[in-house]
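One structure is given below, encoded as structure tokens.
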Amino acid sequence: MTTPHPARRILITGADGFLGRTVVAALAQLPDIDSVVALDVREVPAQRRVPGVVYLVQDIRAPELRATLADHSIDAVVHLAAIVTPGAGSNREFEYSVDVLGTGNVLEACVASNVGHLVVSSSGAAYGYWADNPAWIDEGQALRGNESFAYSHHKRLVEEMLADYRARFPQLHQTVLRIGTILGEQVNNQITALFDKPRILAIQGSESPFVFIWDEDVTGCIVHAIKTGRTGCFNVAGDGALTLPQIAALLRKPLLSLPAPLLKLALVVGSRLGVSRYGPEQLDFLRYRPVLSNTRLKTEFGYVPRKTSLEAFLAFKSARQSRAKSAAMLA
């Protein structure tokens, strides 16, 4: 593990995403930071802007990114821009251009502009969804992101690119955070959508527990990386894991456990009819989830998540219930 010089001028990509907003706000409060530049592909509304932060509209794929880093004398980049939940008009080619080619452009710009530290939000999905995944995955496990699942495959390709840059350009110090399933008061994603259903869907014969990380802990890890300069690859997850039967019990919802062939058939039919956004390739996404060990995060990186997986889920559940009550009162 190496430690670059403390960063003073930071640029954040994907700065107006749900994670980017909290990271921008947290970094802007650090006393030793001279400037924070928030970069996003869209204009950030005035009501969401943090005082003192420089907001720029730019695509991470744009060749002008190199000049942007140089013009603002950036010495650390927090790269958050990625497509996690594709929109209705999205396609694989576009997602690849943003996730993989966009990250390549960020890396090239960092090297060309003598950026000293790059913090990247990767994902546990980079390990892939495989039947032979170990019960707990540590950072020594091979990255085998599934080609059938765009997000997982792209995260694997990005990590391969990052490893190549670590070998060829060691002066660009890297902190790579392989993040588990993020929960938060305002988080909505493919996983939380499963928990909002009337029944919790499970696959017979598959334990596939979930590890959760509270969104404030993800922000805490990124701030910790900037403050300490700690580098390396780290799983980001709370202690412990929850199985789907446990999640169903906590939500007080029935568990619908289906045989894998039946669920695959349902996904095929639903996808072809256009009534489901998920295809049969999503089966392994539920069946063989990578369960992340956070030992190295705590012992080597030096960050202990404030919430365990269970505590993060209970906080998420409480926030959902509060919102539902408020909506019912206003109805």
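The values are calculated or read from the model by the stated rules, or taken from the named source; none is laboratory data. What you see is a predicted model, and the numbers here were worked out from it, not measured in a lab. All Cβ positions, even for glycine, are placed from backbone atoms using ideal geometry, and neighbour counts span all protein chains on display.
So here's what we get for this one:
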{"read-out": "In the stretch 288-312, residue surrounded by the fewest Cβ atoms within 10 Å (Cβ to Cβ) [restricted to those that are in a helix (DSSP H, G or I), of a type outside the set (K, R) and more than 17 Å from the chain's Cα centre (by Cα)]", "value": "T299"}
{"read-out": "Selection from the stretch 134-151 of residues that are under 18 Å from A237 (Cβ atoms), at pLDDT 95 or above and surrounded by 15 or more Cβ atoms within 10 Å (Cβ to Cβ)", "value": "W136, I137, E139, Q141, L143, G145"}
{"read-out": "Only one of A62, A26, A7, A38 that is in a strand (DSSP E or B), of a type in the set (G, A, S) and either farther than 22 Å from C221 by Cα or in contact with a helix residue (DSSP H, G or I) (Cβ under 7 Å, 6 or more places away or on another chain) (or both)", "value": "A38"}
{"read-out": "Cβ pairs under 8 Å, 6+ apart, first in the stretch 137-166 and hydroxyl-bearing (S, T, Y), second in a strand (DSSP E or B)", "value": "Y151/S123; S152/S123; Y165/Q174"}
{"read-out": "Scan of the stretch 253-296 for residues that are at pLDDT 80 or above and among the aliphatic types (A, V, I, L, M), ordered by number", "value": "L255, L256, L258, A260, L262, L265, L286, V291, L292"}
{"read-out": "Within the stretch 111-204, strands (runs of 3 or more DSSP E) holding 2 or more residues that are of a type in the set (F, W, Y) and more than 29 Å from Q246 (Cα to Cα)", "value": "none"}
{"read-out": "Of all residues in the stretch 84-110 being of a type in the set (G, A, S) and in a helix (DSSP H, G or I), the one that is farthest from F18 (Cα to Cα)", "value": "A109"}
{"read-out": "Test: residue in the stretch 42-56 that is touching a Ser or Thr at 6+ places or on another chain (Cβ under 8 Å) and under 23 Å from E159 (Cβ atoms)", "value": "no"}
{"read-out": "Test result for A315, closer than 18 Å to Q186 by Cα, small (G, A, S) and either outside any helix (DSSP H, G or I) or modelled with pLDDT under 95 (or both)", "value": "no"}
